[in-house]
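A.B. asks: Mind looking over this structure? Questions follow.
The values are calculated or read from the model by the stated rules, or taken from the named source; none is laboratory data. Nothing here was measured: the structure is a model prediction, and the numbers come from that model. Positions of Cβ are backbone-derived with ideal geometry, glycine not excepted, and every protein chain shown enters the neighbour counts.
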């Protein structure tokens with residue numbers, strides 16, 4: 001049986017509203033199984049509006065929004081949601097280069 005390493009870093013990509021819901025569930029399940037894990041939900045496209053329009057969620061603290069989508073929507077990120085420092089596509093590539101494990105939710 002495999003055990004989760006406490007330092008595992010998981011990157012959940014959510015480009016749609018449905019993917020955001022799955023990513024939130026995945027994040028909760030991961031942190032339940034591996035409390036020391038690091039998790040980031042990177043939302044872009046339709047998932048950004050879904051995150052902004054939804055009631056606050058415990059996974060919001062782990063959720064980063066694409067600044068390009070925020071600009072297109074003309075909306076700011078609301079705390080604890082955060083805007084990425086660069087486009088989601090670049091953030092996904094850079095985080096994987098840093099050793100984060102990519103999962104498309």
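A.B. asks: Got a sec? Which strands (runs of 3 or more DSSP E) wholly within the range 29-105 have at least 3 residues that are at pLDDT 95 or above and closer than 20 Å to residue 8 by Cα? Break it down into steps so the answer makes sense when it comes.
C.D. replies: Working: elements: 38-43, 63-65, 101-104.
Where strands (runs of 3 or more DSSP E) fall fully within the range 29-105 and carry at least 3 residues being at pLDDT 95 or above and closer than 20 Å to residue 8 by Cα, they are 38-43, 101-104.
A.B. asks: Being surrounded by 18 or more Cβ atoms within 10 Å (Cβ to Cβ) and free of Cβ contacts under 8 Å to residues at least 24 places away in the same chain is the filter here; which residues of the range 64-82 pass it?
C.D. replies: Across the range 64-82, the qualifying residues are 65, 67, 70.
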